[in-house]
Structure formats: C-alpha cells, structure tokens
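Take a look at the structure set out below.
The values are calculated or read from the model by the stated rules, or taken from the named source; none is laboratory data. Computed from a prediction, not measured in an experiment: that's the story for all the values here. We place every Cβ from the backbone using ideal geometry, glycine too, and count neighbours over all the protein chains shown. Side chains included, ligands, DNA and RNA excluded: accessible areas come from the protein's heavy atoms. Shrake-Rupley method; radii C 1.70, N 1.55, O 1.52, S 1.80 Å.
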Amino acid sequence: MYLAAILLLTLAGITGANVSEYDPSQPVTSDVLVATGGKMTLTCTVEDHEDSSLQWSNPAQQTLYFGEKRALRDNRIQLVKSTKNELSISISNVALSDEGEYTCSIFTMPVRTAKAMVTVLGVPQEPQITGYDKPIKENQEAELRCTTSGSKPAANIRWYKGPEELGGGQNSETKDANGKTFTVVSFIKFPVTKVDDQVEITCTVGHESMPNTFKSSSQKLQVLYHPSAKIESRPNLPREGDRLQLQCDAYGNPEPVKYTWLRKHGELPTTVVTDHNSLVFQNLNKSDSGTYMCQVANLLGEYTAEYKLDVNGTYLTHEAKGSDDAPDADTAIINAEGGQGGSDDKKEYFI
C-alpha cells in the first residue's frame, strides 16, 4: 500500500511536469505561405485581453498596427479587423523582402507575444526556348533549352511534343543575384523524323506558387525530309480515244519543284503534253501502253514514282506504283460473226 502511494505520486509528478498551463491572455497566430505579388492576411487573437490592445510588428521589429492605429506608412498594409480580442491586417503586392518572422504582442503584465512565420514563394518567369535557329534534317537530333528565372524554391520544367510528354529532359538550377530565387535550365535532345514537321515542342513550368496553373512556351519544328510521290489518273477509267491526264502528286520539305516525266524502256509518245506535274494524252490509243515515271527532287534527294498503263481494245487497264486507289481491270474484245449483208457485228464482253 505504501509503495503504491509512492508510485502514484511519482506518476502524477511526471504528468504535471509535461503539461503547460493554459493562459487565456496568450495571443495566438499562424504561419503564412504567400507568393510574390500576392496578398496575405496576418491574424492574431486572444481570449482575455486584460484591457490591453494587440499589436503587429514586422521582422525588423517595426510596429505595423497598434489596435486600429496605423504605425508604418506603407499603403500595402491595411487594417482588416480590430477588436479587443482580434487584430487582423493584410499586406498586398507581397515581395521577397516581406519574408520573415512577424510578432503579435499584447501589453499585459507580463507582455505576451506570438510569432507568425511568413514564407514568400518566388513566382517563376515565363520560360524561354532557345537552341532552335534553323530547320532540322530528318533523322538528325533536335537540341533545345528552356530557361525560367525567379522561382523560390526552384521550379520544375517538363517537355511535351504535341500532347505527349517527352522524357529525357535534364534540369539544372543556379541561384539568382538576389541570393533567394533560382534560375532553372532544362536541356533536351531527341531524334526527329518527317512526321515531326510542324509539330509543337512545349516546355512547361510548374511551381507551388501556381498550384492550379502552368507557364509554358512553344516552338514549332521545321523538319527537312526527302521527297516522295504518287501518280493518279484523271479520269480513273478512260476509253481509248479519250483524253487522259496523269498527275504526279509530290511531297517533301522543301517542297519539290522539279518534275521530270519519263517512259520506261522508251521515249515519251510525241502526242503527249507535259505540264509541270502533269502528263496529258490528248487521244489515248494502244501504242501509249507502257510504264511511265515521274521523277521529283528537292535539296535532299530524288524520288521516282511509276505508273503502268495498259490500253486494251476500247478500254483502259492500268497499275500505279505508289497509288493506293488505282483499280485493276482486265478486259477483252470478243468478235461475234453474224448479221445481215455479210456485215460483222462486234460485241463487247467483260471477263
């Protein structure tokens, strides 16, 4: 019984030593996180004011407000609320120099104070893309840099090609001259193909000072690539004796400007007319059958498209290399004897 009493007294002593007494005259504040250019509110409350007023002071211990009386001539600082139990002030257009520990005081006996730590975030500047100053040839690598300054803490940069995120960006950071904010540089390198021509490369800056927004900059790529071409007929299925136009549609960057029409294993018919990317047969006949080629060229190289023309009887058959929608048709003329006066009637059948 004696040992138990000693043990209870010991535990009570330990517990009492760890519990601080509640003081209704102790002011209460809270820390503030704000971005440069933003607005912050400092609030101090007390339960028992003991007929004394609350006061806010800045990190340099300059009085900002004593009750409802302004003490510092700074139009950014405004009174929000002043009562015996609360003093709230606001500071607009916050700068990095506003960061620090603010003090709320109440002049009781003894004087009681509470601290509020103000942390100012540096908002990153609009990013700038550099490194792209001329078109890139296909299968070579694009090398781009994205730079943003003024962030605190250091900002994060991400890269996108069109809507898709690009991996492999390397970020580095250095302190700005003010010793508080950071400049972040991101470098990225990636191979390009002709499908990347006119695609937008975007660098995006994210930061806790902009929780729901981003800042970004874009650069549209110009990719130089070899030419390609295909030949199409107009009309699609002409008859013998009709006018036929073969059109060579070429693609490339730079755009092909040189078109050359050739006939495989022979000369072009003397009756055809060449007009830039067109080959025109004014009066189609069997002797026009053959394989026709359209050669196109740009600064990076040449490409040859082929078109096989086969004129059978009164109908045309053809096959085009590189043309996805060229039909295949086989026709024949079957002569049927008969009729009056010894004349021959010719009938046409498809097989």
Given backbone amide H placed at 1.01 Å from N, residues whose amide H is under 5 Å from that of Asn156, ignoring those fewer than 5 places away on the same chain, are Gly206
Built amide H within the under 5 Å cut-off of Leu166, gap 5+
Trp159, Tyr160, Lys161
Percent breakdown of C-alpha pair distances by 5 Å bin, ordered from the shortest bin, for the stretch 82-198
2, 9, 14, 14, 11, 9, 8, 8, 6, 5, 4, 3, 3, 2, 1, 0
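What does the net charge come to around Pro227 if you take all other residues with beta carbon closer than 12 Å to its beta carbon, with K and R at +1 and D and E at -1?
-1
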Translational diffusion coefficient (Stokes-Einstein; Kirkwood radius from C-alpha pairs) of the stretch 257-297 at 4 °C, 1.567 mPa s, in µm²/s:
120
Where only C-alpha atoms are counted, convex hull volume of the stretch 194-236 per residue in Å³:
113
Rounded accessible area per residue of the stretch 63-103, 1.4 Å, Å²
55
What Kirkwood Rh does the stretch 148-202 have if only Cα atoms enter the pairwise 1/r average? Answer in Å.
12.7
With all protein chains present and a 1.4 Å probe, how do His276, His207 order by accessible area, largest first?
His276, His207
Quick one: Debye curve from the C-alpha atoms of the stretch 159-257, no solvent, what's log10 I(q)/I(0) at q = 0.15, 0.18 Å⁻¹?
-0.81, -0.97
Given unit charges at Cβ for Lys, Arg (+) and Asp, Glu (-), the dipole magnitude of the stretch 13-161 about its Cα centre in debye, nearest 20, is 580
The stretch 222-315, convex hull of Cα, quarter of hull surface, nm² -> 5.9
Ignoring everything but the protein chains, give the 1.4 Å probe accessible area of Val111 in square angstrom, nearest 10.
80
Neighbour cut-off at most 14 other Cβ (10 Å), DSSP loop, GluC sites (Glu not before Pro), the stretch 42-132
Glu47, Glu50, Glu68
Which value in Å is the Kirkwood Rh of the stretch 88-134 over different Cα pairs?
14.7
Which residue, Ile231, Ile201, Pro153, has the largest displacement toward the positive end of the dipole of the stretch 120-265 when charges sit on each Cβ (Lys, Arg +1; Asp, Glu -1)?
Ile231
Computed from the beta carbon distance with a Förster radius of 56 Å, FRET efficiency for Glu302 and Lys69 to the nearest 0.05 stands at 0.05
Dipole magnitude (debye, nearest 20) for the stretch 102-190, charges at Cβ of Lys, Arg, Asp, Glu:
500
State, to one decimal in nm, how far the label point of Tyr132 lies from the label point of Gln245, with both points 7 Å from Cα in the Cβ direction.
3.8
At 0.36 nm per residue, and after removing the present C-alpha to C-alpha distance, how many nm does the segment from Asp48 to Ser278 gain when stretched out fully?
73.2 nm
Theoretical FRET efficiency, 1/(1+(r/R0)^6), r = Cβ-Cβ of Thr193 and Ser92, R0 51 Å, to 0.05:
0.50
